[in-house]
Amino acid sequence: MQPLLIYNTLTHQKELFKPLTADHVGMYVCGPTVYGDGHLGHARPAITFDILFRYLQHIGYKVRYVRNITDVGHLEHDADDGEDKIAKKARIEQLEPMEVAQYYTNRYHVAMDRLNVLRPSIEPHASGHILEQIELVQALLDKGFAYESNGSVYFDVRKYHEATKKYGILSGRVMDEMLSTTRELDGQSEKRETQDFALWKKASPEHIMRWNSPWSVGFPGWHTECTAMGTKYLGETFDIHGGGMDLMFPHHESEIAQQTALTGHGPCRYWMHNNMITINGQKMGKSLGNFITLDEFFTGSHALLAQAYSPMTIRFFILQAHYRSTVDFSNEALQAAEKGYYRLMQAYKTLKNLAASKSSSIAVNDYMQKCYDAMNDDMNTPIVISHLFEMAKVINTVNDKKATLTQDDIDAMKVVFDTFVFGVMGLKDESSVDNSALIDGLMSMVLEMRATAKANKDWATSDKIRDALSALGVTVKDGKDGAVWEIR
RNA sequence: GGUCGUUUGGCCGAGUGGCUAGGCUCAGGUCUGCAAAACCUGCUACUCCGGUUCGAAUCCGGAAGCGACCUCCA
């Protein structure tokens, strides 16, 4: 088993990964809220943890990867009334809420498939786990870390923090100070403290998504779904919890609080957070209105895009930066990624047809181990890619007959490409997809050249073209109005 | 105001106390009927100010810029 170091947000350092159960890994990643199309920001965590998922499996772990679909209970930050995002959108569009959720879930899946993001082992829906969430809320009430107020239930942050001194351990928030300086809430609020968060919300009359509970007809709070579903499918403690950095507070901090209040310990051992994608230096996000959807990238249909960018270009672009760094979007950077990706794919094709020699004139370093080393160092995909480019240079040099490689060395390089480019990093060659339009174009061009030859009575050339096409399985039929062709 | 993070060459983006990251762009060259590709060469950086050190972009302290989250509201 490879010694994998991963950066743990909880301890602020890289730690050697050791699973709770030998050879098995339980991993939970916060998935999308399905109330809109996925944008580039959604691709980052999906791809980041897809790499981790692939790599853990590659080095021999059996992985259960849980990534949820948030289809209820994610409250809108800028909403006046705490209305559920799904419900709001649904009412505007006059659709059943679940219809909206399903629609965007389907579209999310298509986009992820195109990005070659593997489906997780379990993809639980929050709406399918209302009972588990109610049980969670009840357990917190029983433990005394939550209180009911007017049909809603809130987590008692002050009580929790005084008992454990742990609210803020992930995000670095200084709770002692926040709690002592908090001013009194006015009588209108249901909450005792401003930082208390909702576990269960009583539904307002116009709120469409609602479920029965011991406290009111309502819906679960923002943070309960991940705790409930993570516990259900991965246990009281699991190995890795991932998500975007923007979820660190309050979402993940609150997950820790909920689990710690119940069990005395947090939900997982390693917290991993991917950084944001920025556009002109600003976070790309739904709420900021500056996002570009994945479909828009694939088709180039957005004012900021100079051209369309293929799914693999997007994937490569994201992998060229370390997952904990911010990445700024720009056409220039994307075009550079596109060219670099093409160069890598070309090198692989060249490698497959490379002629072997009796000896290698250049030392083929241990690229395999170098790539493992880079991956083991907190998933340093940029370094993996740099090694692959070095290999590309070697391949091209040999192809130019300026160096030689033995068959063993060539085979070894193929294994590295297969393992890291296509396996671990999940890239794939896009060039061979649907080229019927290309064939049509090529055929009309070839037949036009043949027509020119015929017009010049250059029968040798025109026959040579017809025979060559025939050998490829293409029949040319000369008619009055020119030639037509068909593939036998 | 708080917390976390970040500041590298024309652009993107890694990184270790001393030794070439890599990609893209640009210029010159090899090759080539032309072009493209490939290869070679060049341009060459580490926000600022102090400190530690024989030596720091890399460690420590300070400042500034930038970003995310929070501080208001569920």
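The values are calculated or read from the model by the stated rules, or taken from the named source; none is laboratory data. Here the structure is a predicted model, which means the values were calculated and not measured. Here the Cβ positions follow ideal geometry from the backbone for every residue, glycine too, while neighbour counts run over all protein chains shown. Remember, those area values only see protein heavy atoms, side chains included, never the ligands or the DNA or RNA. Shrake-Rupley method; radii C 1.70, N 1.55, O 1.52, S 1.80 Å.
Applying the selection to segment A:18-49, what residues are touching an Asp or Glu at 6+ places or on another chain (Cβ under 8 Å) and assigned to a loop (DSSP other than H, G, I, E, B)?
A:19, A:20, A:31, A:34, A:37
What number of residues within segment A:397-426 satisfy the criterion of being surrounded by 14 or more Cβ atoms within 10 Å (Cβ to Cβ) and within 23 Å of residue A:317 (Cβ to Cβ)?
10
So residue A:370 clears everything in (1) away from RNA strand B (no atom under 11 Å from the Cβ); (2) within 26 Å of the chain's Cα centre (by Cα) except one condition, right? Which one?
So the condition that residue A:370 fails would be (1).
Which members of segment A:132-146 meet the condition of being in contact (Cβ under 8 Å) with a residue 24 or more places away in the chain and open to solvent by 10 Å² or more (accessible area, probe 1.4 Å)?
A:132, A:134, A:135, A:136, A:138, A:139, A:143, A:145, A:146
Select from segment A:329-339 the residues that are open to solvent by 30 Å² or more (accessible area, probe 1.4 Å) and near RNA strand B (Cβ under 9 Å from one of its atoms) and list them in ascending order.
Selection gives A:330, A:332, A:333, A:335, A:336, A:338, A:339.
Kindly indicate whether residue A:400 is modelled with pLDDT under 90 and among the acidic types (Asp, Glu).
It is true that residue A:400 is modelled with pLDDT under 90 and among the acidic types (Asp, Glu).
Residue by residue, here is whether (1) near RNA strand B (Cβ under 8 Å from one of its atoms); (2) without any contact (Cβ under 8 Å) to a residue 40 or more places away in the chain; (3) among the polar types (S, T, N, Q) holds:
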| position | (1), (2), (3) |
| --- | --- |
| A:377 | yes, no, no |
| A:403 | no, no, no |
| A:408 | no, yes, no |
| A:412 | no, no, no |
| A:416 | no, no, no |
| A:420 | no, no, no |
| A:423 | no, no, no |
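Give segment A:17-35 a look and list any residue that's within 16 Å of RNA strand B (Cβ to nearest atom) and modelled with pLDDT under 90, or say none.
Selection gives A:33, A:35.
So if I check each of A:79, A:101, which one is in the same structural domain as residue A:216 (by TED's automatic domain parsing), out of contact with any Pro (no Cβ under 8 Å at 6 or more places or on another chain), at pLDDT below 90 and closer than 30 Å to residue A:54 by Cα? Give the derivation first.
Working: A:79 fails: closer than 30 Å to residue A:54 by Cα.
Result: A:101 is the single residue among A:79, A:101 that is in the same structural domain as residue A:216 (by TED's automatic domain parsing), out of contact with any Pro (no Cβ under 8 Å at 6 or more places or on another chain), at pLDDT below 90 and closer than 30 Å to residue A:54 by Cα.
Evaluate segment A:53-74: report whether one residue or more is at pLDDT below 65 and surrounded by fewer than 24 Cβ atoms within 10 Å (Cβ to Cβ).
Scanning segment A:53-74 turns up at least one residue that is at pLDDT below 65 and surrounded by fewer than 24 Cβ atoms within 10 Å (Cβ to Cβ).
Go through the residues of segment A:453-467 one by one and say whether even a single one is of a type outside the set (Val, Ile, Thr) and either under 30 Å from residue A:117 (Cβ atoms) or in the same structural domain as residue A:117 (by TED's automatic domain parsing) (or both).
No.
Within segment A:290-311, does at least one residue satisfy the condition of being open to solvent by 60 Å² or more (accessible area, probe 1.4 Å), within 8 Å of RNA strand B (Cβ to nearest atom) and not assigned by TED's automatic domain parsing to the domain that holds residue A:107?
No, that holds for no residue.
Checking residue A:300 against (1) free of Cβ contacts under 8 Å to residues at least 12 places away in the same chain; (2) within 16 Å of residue A:116 (Cβ to Cβ); (3) not β-branched (Val, Ile, Thr), which single condition isn't satisfied?
Only one criterion is unmet by residue A:300, namely (2).
I need a count of the residues in segment A:379-397 that are of a type in the set (Val, Ile, Thr) and either more than 9 Å from RNA strand B (Cβ to nearest atom) or under 30 Å from residue A:17 (Cα atoms) (or both).
4
Does residue A:429 satisfy being modelled with pLDDT under 90 and surrounded by 14 or more Cβ atoms within 10 Å (Cβ to Cβ)?
On the way: modelled with pLDDT under 90: yes; surrounded by 14 or more Cβ atoms within 10 Å (Cβ to Cβ): yes.
In short, yes.
I'd like to check something: does segment A:314-325 contain any residue that is closer than 25 Å to residue A:429 by Cβ and touching a Lys or Arg at 6+ places or on another chain (Cβ under 7 Å)?
So far as segment A:314-325 goes, yes, one or more of its residues are closer than 25 Å to residue A:429 by Cβ and touching a Lys or Arg at 6+ places or on another chain (Cβ under 7 Å).
Among the listed residues A:342, A:323, which satisfies the condition of being near RNA strand B (Cβ under 9 Å from one of its atoms) and in contact with a strand residue (DSSP E or B) (Cβ under 6 Å, 6 or more places away or on another chain)?
Criteria check complete, one pass: A:323.
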